[in-house]
1. Quick check on my filter: what residues within the range 423-461 are more than 15 Å from the ligand (Cβ to nearest atom), of a type in the set (A, V, I, L, M, F, W, C) and out of contact with any Ser or Thr (no Cβ under 6 Å at 6 or more places or on another chain)?
2. Among the residues in the range 83-102, are any more than 15 Å from the ligand (Cβ to nearest atom), touching an Asp or Glu at 6+ places or on another chain (Cβ under 7 Å) and of a type in the set (D, E, K, R)?
3. Among the residues of the range 406-424, are any under 18 Å from Ser143 (Cα atoms), among the acidic types (Asp, Glu) and not in a loop (DSSP other than H, G, I, E, B)?
4. Scan the range 291-306 and tell me whether some residue there is surrounded by 16 or more Cβ atoms within 10 Å (Cβ to Cβ) and under 30 Å from Asp38 (Cα atoms).
5. Report whether or not Leu142 is within 28 Å of Gly80 (Cβ to Cβ) and either among the β-branched types (Val, Ile, Thr) or more than 13 Å from the ligand (Cβ to nearest atom) (or both).
6. I need a count of the residues in the range 32-50 that are within 13 Å of the ligand (Cβ to nearest atom) and either in a helix (DSSP H, G or I) or over 19 Å from Phe172 (Cα atoms) (or both).
7. Just to be sure I understand, how many residues within the range 51-77 are within 13 Å of the ligand (Cβ to nearest atom), among the β-branched types (Val, Ile, Thr) and either within 22 Å of Ser133 (Cα to Cα) or surrounded by fewer than 18 Cβ atoms within 10 Å (Cβ to Cβ) (or both)?
8. I'd like to know if the range 266-279 contains one or more residues that are of a type outside the set (S, T, N, Q), crowded, with 20+ Cβ neighbours inside 10 Å and in a helix (DSSP H, G or I).
Amino acid sequence: MLHEAAATKFKEALRGTLIQPQDADYDETRKLYNGMIDKRPLAIARCADVADVIAAVNFGRTSKLPIAIRGGGHNGPGLGSVNDGLVIDLSAMKGVRVDPVARTVRVDAGCTQGDVDHATHAFGLAVPAGIISTTGIAGLTLSGGHGYLSRKFGLTIDNLLEADVVLADGSFVTTSKKENSDLLWALRGGGGNFGVVTSFLFQLHPVSDVFAGPIAWDQQHARTIMQRYREFLPKAPEELGAFVGLKKIVSSAPFPKELWGQRICLLMSCYNGPEADGKKALAPMLDGLPQPWLNWMATMPYPAVQSMFDGLYPKGMQWYWRGDFVKSLPDAAIEAHLAQAAKTPSELSLMHLYPIDGAVHRVGRADTAWNCRDATWSMVIAGIDPDPQNREPVTRWTKAYWDAVHPFDLGGAYPNFMMDDEGDARLRATYGENYARLAAVKKKYDPANLFRVNHNIRPSA
Ligand SMILES: Cc1cc2nc3c(=O)[nH]c(=O)nc-3n(C[C@H](O)[C@H](O)[C@H](O)COP(=O)(O)OP(=O)(O)OC[C@H]3O[C@@H](n4cnc5c(N)ncnc54)[C@H](O)[C@@H]3O)c2cc1C
């Protein structure tokens, strides 16, 4: 329990709320997106503004509590919370301000991707981000952020112009290319290691209606489709974001009943432009392929494709993740994928290969902390099931799948697709030659490693 007098004083200093185990809303508030993770913090400071964040950092530091920083709470291993410590919960900080002339958006750290897409879509603009609208923009951005628009406009961090940060000593700084540029460099991929980001300024791009949606084939055609996709993607126009997946059709509406539970190879696409151009862009991928089971591509507002998967993946299910950066997909790798995908232990479990090319490759390896600019895909294998009883089978399947395909992959992985049991070597492989520079920035801004509930980069010696 917190020291009562200190907790009372802290509570009085907050505009937001301090939630403790004795409070009625404690259990609801501490829940994370991943139902496999069940953490019991001593206190959750739901901050209302920057002043609250400063008070929370100072309280956590002086009380010697482990501190977790929570944006959307979507992190796989639940690094947005901590046992017996303080959660700095930013989810109530939801301001978004679009500047349509400068084509920028200022986003408070509690926003979800959906909050940002909603606000910017009104102006026909968007920032590249992930594929589920309930994901927190903060955690997604700080480890990179990839999605449908990345081939044309880069990662989310490639569009990060400024960030406001509360540092470990409670001081407040703004980072930009001109001010504290070393910190901005580290925030562009280095995760939540360097301070509590209270707001982000992003570059926006013209995106309004898109031609988007899934095409799904019987998984028995997956070899042909994956081979075609690996040849097609590098030559495809960058307006097209398209990932390939191996999974099952979920047994619920809107899917046709006769397809429920069937194994599929999925091509999920989003073309930023008119339907006719999108069809032309996709033709070399689709021409001559077997007839798909379903093709639901249509013209829709960009926020619609961004939230298309939300209903399938509500909060609270069991998730176990493994990722890798992938450079190429030789036939032997495809065979390994097919063998493992044939053993999925649950209807929701999946493998996705997200493109990492185009604009992402045009940023230098040392220009941001996100080092792996020469990958072609960011792969994720996720064992997912609503039933806590199935946590073991989905975890086992994910690990076995990863073991089978990892020899074909690069050494590192997207940190946002890592659990917390992968070890320091994985993180070093992910950051490569940028690791030493990240450790030096960490030493400058957080020498005592106050912010260590994350994929931790320890301060250099
Ligand atoms: C269903 C699903 C789909 C996904 N799809 C994609 C995708 O398409 N593309 C993609 O790039 N990623 C994707 N992700 C991964 C996602 O980016 C990560 O899970 C990310 O960590 C979520 O951010 P959050 O703010 O919701 O997480 P939280 O759990 O709130 O935070 C995660 C970590 O981020 C750091 N952090 C959060 N907020 C701050 C802050 N304000 N200041 C400093 N540090 C902070 C902390 O270290 C914290 O531990 C997906 C995740 C899920 C669950």
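1. Answer for the range 423-461, where residues must be more than 15 Å from the ligand (Cβ to nearest atom), of a type in the set (A, V, I, L, M, F, W, C) and out of contact with any Ser or Thr (no Cβ under 6 Å at 6 or more places or on another chain): Ala425, Ala429, Ala436, Ala448, Ala461.
2. There is no residue in the range 83-102 that is more than 15 Å from the ligand (Cβ to nearest atom), touching an Asp or Glu at 6+ places or on another chain (Cβ under 7 Å) and of a type in the set (D, E, K, R).
3. The answer is yes; a qualifying residue exists.
4. Among the residues of the range 291-306, at least one is surrounded by 16 or more Cβ atoms within 10 Å (Cβ to Cβ) and under 30 Å from Asp38 (Cα atoms), which makes the answer yes.
5. no
6. Summing the residues that are within 13 Å of the ligand (Cβ to nearest atom) and either in a helix (DSSP H, G or I) or over 19 Å from Phe172 (Cα atoms) (or both) in the range 32-50 gives 10.
7. 1
8. yes
The values are calculated or read from the model by the stated rules, or taken from the named source; none is laboratory data. Source: prediction; values computed, not measured. A quick note on method: Cβ atoms are made from the backbone with ideal geometry, for glycine too, and the neighbour counts reach across all protein chains shown.
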